[in-house]
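Contents: one structure, followed by commentary.
Nothing in this text is a laboratory measurement; each read-out follows from the coordinates by a stated rule. Worth saying up front: this structure is predicted, and the values here are computed from it rather than measured. No Cβ is skipped: glycine too gets one built from the backbone with ideal geometry, and neighbour counts run over all protein chains shown.
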Amino acid sequence: MPVTVLIGAQWGDEGKGRVADWLAEQSDAMARYAGGDNAGHTVRVGARRFGLHLVPSGIIHPHLTCILGSAMVINPLRLVEELDMLVGQGVDVSSTRIHISPRAHVITPAHIALDGASERALGSGSIGTTQRGIGPAYSAKAERTGILTGMMADPDAFVDAVRAQIEQANRVLVDIYGLEPIDAEDSMAQYYEAAQRLAPYLHNTTEVVHALLDAGKRLLCEGAQGTLLDIDHGHYPFVTSSSATVGGAITGLGFGPQEVDRVVAVSKAYCTRVGNGPFPTELDDEVGQRLREVGSEYGTTTGRPRRCGWLDAVALRYAVRVNGVTELVLTKLDVLSGMDTLHIATAYDTPQGRVTTLPLDTAATDEVVPVYETLPGWQTEITRLRRFRDLPTNAQRYVERVEALAGAPVSVISVGPEREQAIVR
Ligand code: IMP
């Protein structure tokens, strides 16, 4: 059983990129299985900082094979930019080590325009998307009108398909939203070049995955976004349009569940969310502001300030159950240093009484009042510590309480942004 699935236990931005970077050492291949360039994974290696949106973060480890799976939505222009950035940093991006599924879907300018138009039309009820065209690309996929990445093998036919899609979207933009049409010719040359550039990377990723598994190699599936943004398991419609949970890895890459022996979920030591939707433990006060500043909580993809709040153990336990989590990685514990008291939500008060499980109803979740357990904080700096037993007693107690409430062991704790700032238990 050689597959590890790495998932976000919250609303994304948990620090999965750096965890993927650690797990890369023990892996032979790394695959992105869902989402697109709405994701932003940051990996720091010494003075170098890599911001990745589409390519699996394992690319910076020369021994790894990288796969972009069938359930992804790929903006070819952004992918080319990312490959160029990696080349500039001296990373090997040859087509023998990067494999793009021909069954992923292409994000076009039409999807990006429709994403923006729909968000503006929703006004205060907007989802707060990253405006990368994710929802419209997955809508086209479900409608069976999408453009497969495999079409890039024939750049002329590919560009014709992109142009036709833009013309179709223009009717919606003009007639429904009352907007100006987008100029189909604007980006056609770029799309043509991108297709030429990316065509050599199109491979049968199902076969690539199975050849690896047959050879006893270890595959790391790098999740994007988080459990509470999953299209089926988050609070609809304030979700992304893909399966961010463990099941997404299985359908997105095409292997059986028995291959998975490790499900690693990443959670911050507190909570953040970008975009709209329920966030029971959100803090609209100076404590929330402090978490944002100390934790540098601004989006990697959009730069938006993140909403911040206390750790929500009700939601974390939900993520552990939905994904069959075998271990937790707790990130940014250092951000909590210096606070007198800490709070963890252990239940919610609702008009129907107290509940300890996550309501599935979105409006009802918006109304819950979190019930907090209060724990004493710690005042000392912990960023240089590397052993659990060296942490202040109250920090140890905080971690142990998270484990007990979540129902999964914490195997690694991060105490700073650098690769080595971690406590492995
Ligand atoms: P979309 O994926 O751009 O359609 O955005 C849908 C929701 O998911 C919005 O609330 C976004 O802010 C959120 N979202 C999408 N990708 C990420 C991510 O990588 N990190 C955090 N939030 C994300």
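The stretch between ASP92 and SER139 holds 13.5 nm of extra length on full extension. This uses 0.36 nm per residue minus the Cα-Cα distance.
Over all Cα atoms in the chain, the spread is summed up by Rg and Dmax: 21.5, 64 Å. Across every direction, the projection of the convex hull enclosing the Cα atoms of region 105-197 has a mean area of 5.9 nm². Calculated mean residue ellipticity at 222 nm for the chain: -9500 deg cm²/dmol, from DSSP H runs with n ≥ 4 weighted as -39500 (n - 2.57), summed, divided by the residue count and rounded to 500. Would you mind checking the tilt of helix 313-323 against the longest principal axis of the Cα atoms of the chain, expressed as 0 to 90 degrees and rounded to 10? Tilt relative to the chain: about 50 degrees. Descending by average beta-carbon neighbour count within 10 Å, the peptides 50-58, 215-223 line up as 50-58, 215-223, the highest first. Annotation: lysines with alpha-carbon distance below 19 angstrom to LYS268 (same-chain offsets under eight excluded): LYS16, LYS332. Full extension of the chain between PHE388 and GLU25 yields a length gain of 128.5 nm, computed as 0.36 nm times the residue separation minus the alpha carbon distance.
Taken over region 267-424, the ratio of Cα radius of gyration to 2.2 N^0.38 Å equals 1.02. Can you give the extra length, in nm with one decimal, that the chain gains between SER124 and GLU418 once fully stretched, where that is 0.36 nm per residue apart less the Cα-Cα distance? Length gained between SER124 and GLU418: 102.1 nm.
Annotation for THR380 and ASP284: the two label points, set 7 Å from Cα along the Cα-Cβ direction, are 3.9 nm apart. For ILE74, the residues whose amide H sits under 5 Å from its own are HIS105, VAL106, ILE107, ignoring neighbours fewer than 5 places away on the same chain, with H placed 1.01 Å from N.
Highest mean first, the peptides 313-326, 7-20, 195-208 sorted by other C-beta atoms within 10 Å per residue fall in the order 7-20, 313-326, 195-208.
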